[in-house]
Amino acid sequence: MSHEAHEPETPHLAPKIDWSQGTTPYEDYVKADVLTHLQHTLSDDPGEMVFLVTTQVMELWFTVIVHEWETAAQALRRDDVPTALDALRRSRRELEALNASWKPLAGLTPAQFNSYRGALGEGSGFQSAMYRRMEFLLGDKSASMLVPHRGAPRVHAELEKALHEPGLYDEVLRFLARRGHPVPKEVLERDVSRKYEPSRAVEEIWTAVYAGDERDEVARLGEALTDVAELVWRWRNDHLVATRRAMGAKTGTGGSAGVAWLEKRAQKSVFPELWTARSYV
């Protein structure tokens with residue numbers, strides 16, 4: 001028996017336990033009963049539960065991170081750098097937690113994954129709408145990525161809206177222009193529904209920023225964005241390693257090229273000029 005079992009209760013310190021008129025306030029707020037009953041495994045393998053819950057946790061982290069980046073983008077639209085930096089810093093910690101979600105899956109052997117892989121059918125993380133919103137906010141846009149979601153009107157509408165709105169980096173560049181930095185007109189007026197392409201002029205702006213005062217808020221914004229970009233890159237690489245370990249070079253679920261497709265994704269830089277500018281400082 002623990003020491004706490006023998007400890008006399010102090011009435012005014014004991015938590016309230018009778019909520020006979022309804023569910024507890026905790027349940028009303030967190031909806032834990034809903035969350036913990038969303039797991040419906042399709043195989044007899046006990047490892048499938050780990051895979052399913054881990055994937056659902058990832059979706060929740062995607063949702064939080066999208067919220068943070070949208071908050072940062074909206075703040076930059078108002079020239080409110082402190083609020084944008086706070087959101088980006090929170091998202092850094094959230095990305096670290098998201099990346100740690102690979103740990104329960106990172107040691108999967110091919111035999112272990114194959115024991116419930118059939119339950120996925122044609123399902124693939126590639127089809128995640130919330131992850132797609134993350135990618136859109138990072139500037140990796142494509143109208144074709146809306147096609148898998150045509151059968152879900154609300155999801156499709158949200159993605160279509162995100163496709164045609166400026167991404168996080170678009171708002172950063174517009175902010176830089178308002179601060180007097182020579183961001184080219186073609187960058188500021190680009191079609192934001194298309195993938196962002198690196199600009200030599202933007203690279204020169206970041207080179208000048210990094211050659212200046214590191215305490216300047218634009219430099220601090222650049223470093224906060226770089227932290228985000230690095231953690232996104234780590235996410236992609238962790239995904240690649242976990243997939244390579246679980247299934248080698250086989251075709252991925254959903255018909256993708258599997259590891260080959262993930263290798264290509266892992267080579268792409270987020271906020272590219274923030275990386276290339278460092279070669280010229």
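The values are calculated or read from the model by the stated rules, or taken from the named source; none is laboratory data. Remember, it's a predicted structure, so these values are computed and weren't measured experimentally. Using ideal geometry, Cβ is built from the backbone for each residue, glycine included, and neighbour counts are taken over all protein chains shown. For accessibility, only protein heavy atoms count, side chains too; no ligands or nucleic acids. Shrake-Rupley method; radii C 1.70, N 1.55, O 1.52, S 1.80 Å.
Key figures for this structure:
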{"quantity": "Pair list, Cβ under 9 Å, 6 or more apart: region 184-206 residue under 16 Å from residue 163 (Cα atoms), other residue among the aromatic types (Phe, Trp, Tyr) and not in a helix (DSSP H, G or I)", "calculated": "190/196; 196/271"}
{"quantity": "Selection within region 98-132 - open to solvent by less than 40 Å² (accessible area, probe 1.4 Å), at pLDDT below 85 and not in a loop (DSSP other than H, G, I, E, B)", "calculated": "119"}
{"quantity": "Filtered residues of region 13-53 (kept if more than 30 Å from residue 118 (Cα to Cα) and of a type in the set (A, V, I, L, M, F, W, C))", "calculated": "13, 14, 17, 19, 30"}
{"quantity": "Tabulated pairs, region 268-280, first part of a helix (DSSP H, G or I), second surrounded by 14 or more Cβ atoms within 10 Å (Cβ to Cβ) and of a type in the set (D, E, K, R), C-beta under 7 angstrom, 6+ apart or interchain", "calculated": "273/203; 276/203; 277/203"}
{"quantity": "Pair list, Cβ < 7 Å and 6+ apart or interchain, from region 126-146 residues that are of a type in the set (D, E, K, R) to residues that are open to solvent by less than 30 Å² (accessible area, probe 1.4 Å)", "calculated": "132/159; 133/66; 133/159; 133/162; 141/163; 141/193"}
{"quantity": "Residue list for region 184-215, filter: assigned to a loop (DSSP other than H, G, I, E, B) and either touching a Leu at 6+ places or on another chain (Cβ under 8 Å) or exposed (fewer than 12 other Cβ atoms within 10 Å of the Cβ) (or both)", "calculated": "189, 191, 193, 197, 213, 214, 215"}
{"quantity": "Members of region 133-183 found to be among the small types (Gly, Ala, Ser), surrounded by fewer than 17 Cβ atoms within 10 Å (Cβ to Cβ) and within 23 Å of residue 206 (Cβ to Cβ), listed by number", "calculated": "177, 180"}
{"quantity": "Candidate set from region 259-277 (those that are modelled with pLDDT under 85 and of a type in the set (D, E, K, R)); member that is farthest from the chain's Cα centre (by Cα)", "calculated": "264"}
{"quantity": "In region 87-97, the residues that are surrounded by fewer than 19 Cβ atoms within 10 Å (Cβ to Cβ) and free of Cβ contacts under 8 Å to residues at least 24 places away in the same chain", "calculated": "90, 93"}
{"quantity": "Filtered residues of region 60-86 (kept if buried (at least 17 other Cβ atoms within 10 Å of the Cβ) and either in contact with a Phe, Trp or Tyr (Cβ under 7 Å, 6 or more places away or on another chain) or without any contact (Cβ under 8 Å) to a residue 12 or more places away in the chain (or both))", "calculated": "62, 76"}
{"quantity": "Scope region 133-146; condition in a loop (DSSP other than H, G, I, E, B) and either modelled with pLDDT under 95 or not aliphatic (A, V, I, L, M) (or both); matching residues", "calculated": "139, 140, 141, 142"}
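Yes or no, residue by residue, for (1) assigned to a loop (DSSP other than H, G, I, E, B); (2) among the polar types (S, T, N, Q); (3) under 30 Å from residue 176 (Cα atoms):
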site: 23; (1), (2), (3): yes, yes, no
site: 28; (1), (2), (3): no, no, no
site: 44; (1), (2), (3): yes, no, no
site: 48; (1), (2), (3): no, no, no
site: 58; (1), (2), (3): no, no, no
site: 62; (1), (2), (3): no, no, yes
site: 75; (1), (2), (3): no, no, yes
site: 89; (1), (2), (3): no, no, yes
site: 95; (1), (2), (3): no, no, yes
